[in-house]
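Engineer: Please read through the structure below; I'll follow up with questions.
The values are calculated or read from the model by the stated rules, or taken from the named source; none is laboratory data. It should be emphasised that the depicted structure is a prediction, and the values quoted were computed from it without experimental measurement. Neighbour counts are summed over all protein chains in view; Cβ atoms, including those assigned to glycine, are modelled from backbone coordinates with ideal geometry.
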Amino acid sequence: MASQPWTAKVRIDDVPQAGRRVALTADEATRSAVAREAGVAGIERLEAAFELTRVGRDGVRVSGDVSATVRQTCIVTLEPIENRISEAVDVAFAPGSADAGDREPAEIAIGAPDPPEPLIGAAVDLGAIATEFLILGIDPYPRKSDAVFEAPPVADAGSGPFDVLAPLKKPDRERP
C-alpha cells in the first residue's frame, strides 16, 4: 500500500491475557481516503470488529470481521452499483525484523498454518489491517445482478476489410 489512509494502532502491552475487543467505524474523511486507495467510487460504510488475543509473551492474534458498503461501476452497463463486503480476518503477529517478512522460506509446507506476520514496534495497526482485508474483498469486476453482456454481431465469414475494394479491382489480363 502506498499510504495508510486509516490507522488505529493498539499497543501489545494494552492487550491483556484475557484478550481485548476493538470495534472501529471509519468517518467520512477516512472512507474517502480508503476509497481512493481501493480504486472505488466511494465507501458508504466501513466497520471492523476485532478480537485481540495474546500469543506467547510478545505476540498477538487479530481475528474478526471487516464489513463495508462500497460504490462501484458495473462493468457491463456502466451504471453505479453498491456491493456489500464482509471479510473474515485471522492474522497472527510475532516480533521480528522488517526484512524477516520479505524472505522466502526454504520450503513451503502445504496445509501448514501461515507463519506469523512480523510485529514491527510494539503495536498493531488495526486500521491498516481493516483496509487491507477490505481491498482483498472488493470485486474487481462488479456487475449488476441483472446485467447481461451481449456480444456485437459477428460479420460474415466471407466478408473482410478488403472485400469493399473488390469491385475496384482490375480484371487480370492474359499474358502472351
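Engineer: Output the number of the condition that Gly101 fails; it satisfies all remaining conditions of (1) at pLDDT 85 or above; (2) surrounded by 10 or more Cβ atoms within 10 Å (Cβ to Cβ).
Structural biologist: Every condition holds for Gly101 apart from (1).
Engineer: For region 86-98, what are the residues that are at pLDDT 85 or above and either surrounded by fewer than 16 Cβ atoms within 10 Å (Cβ to Cβ) or closer than 19 Å to Asp14 by Cα (or both)?
Structural biologist: Looking only at region 86-98, we keep the residues that are at pLDDT 85 or above, and these are 86-95.
Ser86, Ala88, Asp90, Val91, Ala92, Phe93, Ala94, Pro95, listed by residue number.
Engineer: If the requirement is being of a type in the set (S, T, N, Q), under 20 Å from Ala122 (Cβ atoms) and within 15 Å of the chain's Cα centre (by Cα), which of these qualifies: Gln72, Gln4, Gln17? Explain how you work it out, then say what you get.
Structural biologist: Working: Gln72 fails: under 20 Å from Ala122 (Cβ atoms); Gln17 fails: within 15 Å of the chain's Cα centre (by Cα).
Being of a type in the set (S, T, N, Q), under 20 Å from Ala122 (Cβ atoms) and within 15 Å of the chain's Cα centre (by Cα) holds for just one of Gln72, Gln4, Gln17, which is Gln4.
Engineer: Also, quick follow-up: Please indicate, with yes or no, whether at least one residue in region 23-33 is over 16 Å from Ala130 (Cα atoms) and in a strand (DSSP E or B).
Structural biologist: Of all residues in region 23-33, those over 16 Å from Ala130 (Cα atoms) come to none.
Checked region 23-33: no residue is over 16 Å from Ala130 (Cα atoms) and in a strand (DSSP E or B).
Engineer: Within the set of pairs 6 or more residues apart or between chains, which connect a residue that is within 22 Å of Glu87 (Cβ to Cβ) inside region 56-67 to a residue that is hydroxyl-bearing (Ser, Thr, Tyr) with Cβ atoms less than 8 Å apart?
Structural biologist: Val60/Thr53; Arg61/Thr53; Ser63/Thr53; Asp65/Ser86; Val66/Ser86; Ser67/Ser86
Engineer: Look at region 112-142 and say how many of its residues are buried (at least 17 other Cβ atoms within 10 Å of the Cβ) and part of a loop (DSSP other than H, G, I, E, B).
Structural biologist: 3
Engineer: How about region 5-20: which of its residues are part of a strand (DSSP E or B) and over 11 Å from Val62 (Cβ atoms)? Even if it seems obvious, please write down each step before you answer.
Structural biologist: Restricting attention to region 5-20, the residues satisfying the condition of being part of a strand (DSSP E or B) are 9-11, 20.
If the condition is that a residue be part of a strand (DSSP E or B) and over 11 Å from Val62 (Cβ atoms), then Lys9, Arg11 are the ones that fit.
Engineer: Tally time: how many residues in region 39-74 are at pLDDT below 95 and surrounded by 19 or more Cβ atoms within 10 Å (Cβ to Cβ)?
Structural biologist: 0
Engineer: Same structure again: What number of residues within region 31-56 are among the polar types (S, T, N, Q) and over 17 Å from the mean Cα position of the chain (by Cα)?
Structural biologist: Count: 1.
Engineer: To continue, here is another question. Within region 112-123, is there a residue that is closer than 24 Å to Ser32 by Cα and at pLDDT 85 or above?
Structural biologist: So far as region 112-123 goes, no, none of its residues is closer than 24 Å to Ser32 by Cα and at pLDDT 85 or above.
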